[in-house]
Amino acid sequence: MSVANSGTIDLGGKTVHRLGYGAMRITGPGIWGPPKDHDEAVRVLRRSVELGVTFIDTADSYGPFVSEDLIKEALHDGTGYGDVVVATKGGLTRHGPDVWPPLGRPEYLRQCILMSLRRLGVERIDLWQLHRIDAKVPREEQFGEIKSFLDEGLAKQVGLSEVDVDDVKAAQAAGLPVASVQNRYNLGDRRAEELLDFCTEQGIAFIPWAPVDAGTLARPGGPLDAVAGNHPGTTTGQLALAWLLRRSPVIVPIPGTSSVGHLEENCAAADVELTDEEFQALTDAA
Ligand SMILES: NC(=O)c1ccc[n+]([C@@H]2O[C@H](COP(=O)([O-])OP(=O)(O)OC[C@H]3O[C@@H](n4cnc5c(N)ncnc54)[C@H](OP(=O)(O)O)[C@@H]3O)[C@@H](O)[C@H]2O)c1
């Protein structure tokens, strides 16, 4: 079993397999504090790499700090992460479970990346993403500070999260080379369709978060069951991931899980081949 058949994309200074792993779920409830099972979290991270995952998404605010710390503990080889791109984010503060106030002041964004460098144990972040544009701070000020991360060699590439086409164009106009965009997108939530098409045209990586709709698309009994019937042994969650991989070559799904069993199931989606008719049926079903 391997994610090799998900295809590749150049991102974070390396060529990575498109089916990645999202490391938000290896924390406590409300993405706050340590995970219920620390050892299983470490196993999930190590197993993901064994299965060929070379793109791992995290953020300083997951825990906070817990996810980045676990990635360092599980995967750092003394010098770095080898072939694996560890993409992190900054720009959200944490005040408690499920509370994430944005803070985009340049001096805070700088603190975010400097502390992520220390926690992850690297000299440069492969891909640093602005978790949210802070509406209280002019967006050009945030873009300018992030550009300085590239100029100073603190990050190899940078990206944005939960933005629209106008935000990406404004960042580009401010001289920021946007390597990736991360928005909520899955079979049942296509609000970012216009942004995805823009990214596809521009060759910007599109990282859909909640790719299995936080588990909903992985549950049987939904509209995906009809297509699942054509693929004995294939789960609806795998179909949702296969649909994303097929939807655009710039899509890099990052399903999140705290269990090795679910990780293995999600990674096996790389081997699910959809016919044109099935792809269309899934597109229409949700
Ligand atoms: N940029 C942003 O603002 C933003 C926001 C949210 C998330 N993200 C990133 O995107 C990643 C993915 O998003 P997400 O974790 O919210 O949603 P997701 O990947 O759609 O779903 C994760 C949830 O679904 C469950 N799940 C996963 N695989 C499953 C399977 N095979 N069968 C049954 N249940 C399964 C997980 O529970 P178990 O742990 O029990 O498997 C978890 O609760 C995150 O990990 C994070 O890296 C980014």
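Quick notes on this structure:
- Residue match in the range 35-42 (condition: free of Cβ contacts under 8 Å to residues at least 24 places away in the same chain and assigned to a strand (DSSP E or B)): no
- Residue list for the range 11-34, restricted to those being part of a loop (DSSP other than H, G, I, E, B) and not hydrophobic (A, V, I, L, M, F, W, C): Gly12, Gly13, Arg18, Gly20, Arg25, Thr27, Gly28, Pro29, Gly30, Gly33, Pro34
- Selected residue (criterion: farthest from the ligand (Cβ to nearest atom)) from residues of the range 189-218 that are among the small types (Gly, Ala, Ser) and either surrounded by 16 or more Cβ atoms within 10 Å (Cβ to Cβ) or part of a helix (DSSP H, G or I) (or both): Ala205
- Test: Asp166 is over 26 Å from Val16 (Cα atoms) and of a type in the set (Asp, Glu): yes
- The criterion of at least 1 residues that are touching a residue at least 24 places away in the same chain (Cβ under 8 Å) and away from the ligand (no atom under 16 Å from the Cβ) is met by the following helices (runs of 4 or more DSSP H) wholly inside the range 225-286: 225-228, 236-247, 276-285.
- The residue list Gly121, Gly80, Gly63, Gly52 contains one member that is within 14 Å of the ligand (Cβ to nearest atom), modelled with pLDDT of 95 or more and not β-branched (Val, Ile, Thr), which is Gly63.
- Some residue of the range 161-175 being of a type in the set (Ser, Thr, Tyr) and within 21 Å of the chain's Cα centre (by Cα): yes
- Of everything in the range 252-269 that is under 16 Å from the mean Cα position of the chain (by Cα) and small (Gly, Ala, Ser), the residue that is surrounded by the fewest Cβ atoms within 10 Å (Cβ to Cβ) is Ser258.
- The listed residues are Ala179, Ala135, Ala87, Ala173, and the only one of them that is modelled with pLDDT of 95 or more and away from the ligand (no atom under 16 Å from the Cβ) turns out to be Ala173.
- Selection status of Ile113, within 18 Å of Ser67 (Cα to Cα) and surrounded by 18 or more Cβ atoms within 10 Å (Cβ to Cβ): yes
- Out of Arg25, Arg46, one residue alone is touching a residue at least 40 places away in the same chain (Cβ under 8 Å), surrounded by fewer than 24 Cβ atoms within 10 Å (Cβ to Cβ) and either basic (Lys, Arg) or within 12 Å of the ligand (Cβ to nearest atom) (or both). It is Arg25.
- The residue that is nearest to Ile9 (Cα to Cα), counting only those in the range 83-100 that are touching a strand residue (DSSP E or B) at 6+ places or on another chain (Cβ under 8 Å) and assigned to a strand (DSSP E or B), is Val85.
- Residues satisfying the stated conditions in the range 176-196, i.e. charged (D, E, K, R) and under 18 Å from the mean Cα position of the chain (by Cα): Arg184, Asp189, Arg190, Arg191, Glu193
- Filter result for Leu154 (of a type in the set (A, V, I, L, M, F, W, C) and either surrounded by fewer than 22 Cβ atoms within 10 Å (Cβ to Cβ) or more than 25 Å from Leu196 (Cα to Cα) (or both)): yes
- Ile31 meets each of the listed conditions (1) in contact (Cβ under 8 Å) with a residue 40 or more places away in the chain; (2) of a type outside the set (Lys, Arg); (3) at negative phi; (4) within 15 Å of the ligand (Cβ to nearest atom) apart from (3).
The values are calculated or read from the model by the stated rules, or taken from the named source; none is laboratory data. None of the values given here were measured: they were computed from a predicted structure. All Cβ positions, even for glycine, are placed from backbone atoms using ideal geometry, and neighbour counts span all protein chains on display.
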